[in-house]
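Written out below as C-alpha cells is the structure these notes cover.
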Amino acid sequence: DTAVSQTPKYLVTQMGNDKSIKCEQNLGHDTMYWYKQDSKKFLKIMFSYNNKELIINETVPNRFSPKSPDKAHLNLHINSLELGDSAVYFCASSLGFVNSPLHFGNGTRLTVT
Amino acid sequence: GEDVEQSLFLSVREGDSSVINCTYTDSSSTYLYWYKQEPGAGLQLLTYIFSNMDMKQDQRLTVLLNKKDKHLSLRIADTQTGDSAIYFCAERAISGSARQLTFGSGTQLTVLP
C-alpha cells in the first residue's frame, strides 16, 4: 500500500524519558512534516523538511529534534518528556512545499505520565 | 499572520445536506483544502480548490470559495452516518521560503439517524 506510516501508534512513557517516533512514506514525495494535535483537536505544524533539509521550524522546544536520513523518512526524537507533550503527533508528506496537498499518517498518541 | 476559523459543531439529520463553513485571512492563499478526520485516525484529504475557482464539485461534495470575503464552504449532499467526523479547512500560508498548511480548529459533524 502507498502511504505515510508512522510508528508506534501508541506511546506511553514517564516524565523525563527520551522517546522517538518514526515516519516513512512511499509516495515518492520530497517534503515531510510533523504536526502536533492537542486535546482540543487543534493542529499545529512543528517542522518541515524538503529533500532532507529543514525548511520550517516553528517555535518548538529544543527538546524536540527531527531527523531526516533520506527524503522518505522523517523521525522525531523528544528528550526529557513533559506532561504537556501529551498529544497526537502526525507525520505528513507532500510533493513540493508550495501548493500540493499533504498526505497524513494515522498519528502517534503520546501519553506522558 | 494567517488565521483559519471554523465553527466547532454541526448536527444534521441523515439524508439532509451539511454545510461546513470556514473563513481565512491570508490573501496570498493559492490552494484551500478540506480534510476529514475520523476518530482515532489520521487526516484524509477530501478535496481542494485553487483560489482562482469559485466552485468545485466532486460527487456528494461541493466546495464554494468566495475570495473577496475569504470564505470557504463544504457542502455534503445526502449526509450519511459514515460522514460523522471532524472536518478541517486548511490554507497554504507563507512561512519563510515555504508555504505551510494552516488548519482551522475543525468542525465536528454529527449525523443523526
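Here are a few things to note about the model shown:
- Summarised in one figure, the compactness ratio Rg/Rh of region B:22-111, Cα atoms and Kirkwood Rh, is 0.97.
- Minimum 40 Å² accessible area buried by the other protein chains, region A:75-113 residues, probe 1.4 Å, relative to alone: A:Phe97, A:Val98, A:Asn99, A:Pro101, A:Leu102, A:Phe104
- The fraction of accessible area contributed by carbon and sulfur in the protein assembly as shown is 49 percent, rounded to a whole number (1.4 Å probe; ligands and nucleic acids excluded).
- Taken over the alpha carbons of chain A as equal point scatterers, the Debye sum produces base-10 log I(q)/I(0) values at 0.24 Å⁻¹ of -1.44.
- Both chains summed, the buried accessible area for A and B stands near 1800 Å², from protein heavy atoms and a 1.4 Å probe.
- Relative contact order of region B:3-113: 38 percent, from C-alpha pairs under 8 Å at least 6 residues apart in sequence.
- In range of the label at B:Thr81: residues from region B:19-50 whose backbone nitrogen is under 12 Å from the point 7 Å along Cα→Cβ: none
- With protein chains left intact and a 1.4 Å probe, residues in region B:23-72 average 53 Å² of accessible area per residue.
- Contact residues in region A:9-49 (at least 50 Å² less accessible area with all protein chains than alone, 1.4 Å probe): A:Lys41, A:Leu43.
- For chain A: accessible area per residue (Å², 1.4 Å): 50 Å²
- Cα-based shape type of the protein assembly as shown, given that a ≥ b ≥ c are square roots of the gyration tensor eigenvalues and the cut on a/c is 1.5: prolate
The values are calculated or read from the model by the stated rules, or taken from the named source; none is laboratory data. Note that the structure is a prediction, hence the values are computed from the model and not measured. Here Cβ is always computed from backbone atoms with ideal geometry, including for glycine, and neighbour counts include all displayed protein chains. Remember, those area values only see protein heavy atoms, side chains included, never the ligands or the DNA or RNA. Shrake-Rupley method; radii C 1.70, N 1.55, O 1.52, S 1.80 Å.
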